[in-house]
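I have a structure I would like to understand better, so I am pasting it below and will then ask my questions one at a time.
The values are calculated or read from the model by the stated rules, or taken from the named source; none is laboratory data. Keep in mind that this is a model prediction, so the values were computed, not measured. Don't worry about glycine lacking a Cβ; one is built from the backbone with ideal geometry, like all the others, and counts go over all protein chains shown. When the accessible area is computed, the model is the full protein with side chains, heavy atoms only, and any ligands, DNA or RNA have been set aside. Shrake-Rupley method; radii C 1.70, N 1.55, O 1.52, S 1.80 Å.
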Amino acid sequence: MGLISGSVDRLLHGTALTSDAYGAAGPAARELHRSGPVVDLVVGTALFRSSLLSATPRGHVDLPRLRAAGVQLVGLTLATRFPDLRGTLSRFHFRSLGMPPEALRSGMATLEWLIGRVDSWCAASDGALRLLPTRQALQAWLAQPAEARPVGVFLGVQGAHALDGELANVQRLRERGVRMLALAHVMDNAFVGSGTGRRRRGLSASGRELIAELERQDVLVDLAHMSQTGLRASLAAVSRPPMLSHTGLLRHSNSRSRWSPFSPATRNVPDWAVREVGQAGGVVGVVLSTQLLGGSTIAQ
């Protein structure tokens, strides 16, 4: 059953970099690494692998590799569709993960099944992996000595279409530990246009209502994957610091694909978006994906 998801993980999520290619980290890099928790905002292991606890040589990260690299906090991302024929082939991918048919009946059913998978990883980790579903849990985790901390986990969702059109589902997800939600993913939806969507619309009235509800529920608004029109409108709509969790920069990579709507030109963001997120007190996570950076060297 895992043949499809495993093959996709190995094919899409390798790396062109090895330690031989760029040498050992210098003193400044090592000090930066030691100076605070190392955080990865978007990790897709739950979407591609049945286990986070066992080591694998390639593909999405696992707990042994997180610990070896000193990564202390990971945002495990959850999604319900991928950019193929409006997501219809995603069903085959999720079935290959062992997802039962009833978990595919709606976006929320898919999300809750994936959240259950993460919960099971934490329960089976003997304390090495811990879900941090509240601000208080995060503060208690930070208060521990760095060497004694388990790897912390918070949950994020990509694509508000997974809410099945019900704003009440924001609270339902919050109660399951979700702390970040991106209105957009790889396709347009009723809330906002996607940078890789067909129409790339702006923010709808229901999208504005969703932003207000996310802020009311203390769930971070993630601007990733939005169209530029949607980005401008969302930045005007937020009243709390937003997140732009994973992106590249058009200034450095803006090539367009003839065959796929997903390319640096449609996925990366312009300088004004980065500046405005910063001015709003938010955070921008710059991807290290070679597809979006436009190359595979440390300089790039």
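Between ALA128 and ARG176, take the C-beta separation as r, use R0 = 25 Å, and let me know the FRET efficiency to the nearest 0.05.
Working: r = 21 Å, r/R0 = 0.85.
Computed FRET efficiency for ALA128 and ARG176: 0.75.
Right, here's the next one. Give me the dipole magnitude in Debye, nearest 20, for the chain about the Cα centre, with unit charges on the beta carbon: positive for Lys and Arg, negative for Asp and Glu.
Values: 33 positive and 22 negative charges, 122 e Å.
So the magnitude is around 580 debye.
If you roll a 1.4 Å probe over the stretch 220-300 with all protein chains in place, what percent of the accessible area is carbon or sulfur? Don't skip to the answer; put the middle values down first.
Values: 2250 of 4180 Å².
Roughly 54 percent, rounded to a whole number.
Next question, about the same structure. So, counting K/R as plus one and D/E as minus one, what does the shell of residues with Cβ under 13 Å around ALA25 add up to? Intermediate values should be presented prior to the final figure.
Details: positive: ARG30, ARG34; negative: GLU31.
Local net charge: +1.
Another question, if that's okay. Could you tally the net charge around LEU292, taking each other residue with its Cβ under 14 Å from the Cβ of LEU292, Lys/Arg +1 and Asp/Glu -1?
Values: positive: ARG251, ARG256, ARG267; negative: none.
That works out to +3.
Positive end of the charge dipole of the chain (Lys, Arg +1 and Asp, Glu -1 on Cβ, about the Cα centre): tell me which of PHE48, VAL153, ASN189 has its Cα farthest that way.
About the Cα centre, the residue reaching furthest to the positive side is ASN189.
While we're looking at this one, here's another question. Please find the FRET efficiency linking ASP271 to SER120, where r is the Cβ-Cβ separation and R0 is fixed at 41 Å, and quote it to the nearest 0.05. Can you show the working numbers first?
On the way: r = 42 Å, r/R0 = 1.03.
That pair, ASP271 with SER120, gives E of 0.45.
Pull up all non-local amide H partners of VAL287: gap of 5 or more, or a different chain, and H-to-H distance under 5 Å with H placed in the peptide plane.
For VAL287, the qualifying residues are THR247, GLY248.
Pop out the ³J(HN,Hα) list for the stretch 138-152 in order, Karplus 6.51 cos²θ - 1.76 cosθ + 1.60 with θ = phi - 60°, rounded to Hz; leave Gly and Pro as x.
With the stated coefficients, the stretch 138-152 comes to 5, 5, 5, 5, 5, 6, 6, x, 3, 6, 9, 6, x, 5, x Hz.
Then there is this: Using a 1.4 Å probe on the protein chains only, how many percent of the accessible area of the stretch 62-212 belongs to carbon and sulfur? Intermediate results must be reported in sequence, preceding the final value.
Values: 3440 of 6490 Å².
The value for the stretch 62-212 is 53 percent carbon and sulfur by accessible area.
Percent of Cα-Cα pairs per 5 Å bin, from 0 to the last occupied bin, for the stretch 87-231, please list those.
Per 5 Å bin, starting at zero, the Cα-Cα P(r) for the stretch 87-231 comes out as 2, 9, 17, 18, 18, 16, 11, 6, 3, 0 percent.
With N set to the residue count of the stretch 179-288, report its C-alpha Rg divided by 2.2 N^0.38 Å to two decimal places.
Ratio of Cα Rg to 2.2 N^0.38 Å: 0.99.
Counting other Cβ atoms within 10 Å of each Cβ, which GluC sites (Glu not before Pro) in the stretch 154-218 have at most 12 and sit in a DSSP loop?
Details: sites: GLU166, GLU175, GLU209, GLU213, GLU215; in loops: GLU166.
Counting only loop positions with at most 12 other Cβ atoms within 10 Å, the GluC sites (Glu not before Pro) in the stretch 154-218 are GLU166.
Here is a further query. Taking only C-alpha pairs under 8 Å that are 6+ residues apart, what is the relative contact order of the stretch 209-259 in percent?
Details: 32 pairs, mean separation 19.1, N = 51.
For the stretch 209-259, the relative contact order is 37 percent.
Could you give the dipole magnitude of the stretch 153-300 about its Cα centre, charging the beta-carbon of Lys and Arg +1 and that of Asp and Glu -1, in debye to the nearest 20?
Values: 17 positive and 11 negative charges, 94 e Å.
In total the dipole reaches around 460 debye.
Given a 1.4 angstrom probe, what's the average accessible area per residue across the chain, in square angstrom? Please report the intermediate quantities before stating the final value.
Values: 14900 Å² over 300 residues.
Heavy-atom accessible area per residue stands at 50 Å².
Would you mind giving the three semi-axes, in whole Å and largest first, of the ellipsoid equivalent to the chain according to its Cα gyration tensor? Before the final figure, lay out each step's value.
Values: eigenvalues 141, 111, 95 Å².
Taking √(5λ) for each eigenvalue gives 27, 24, 22 Å, largest first.
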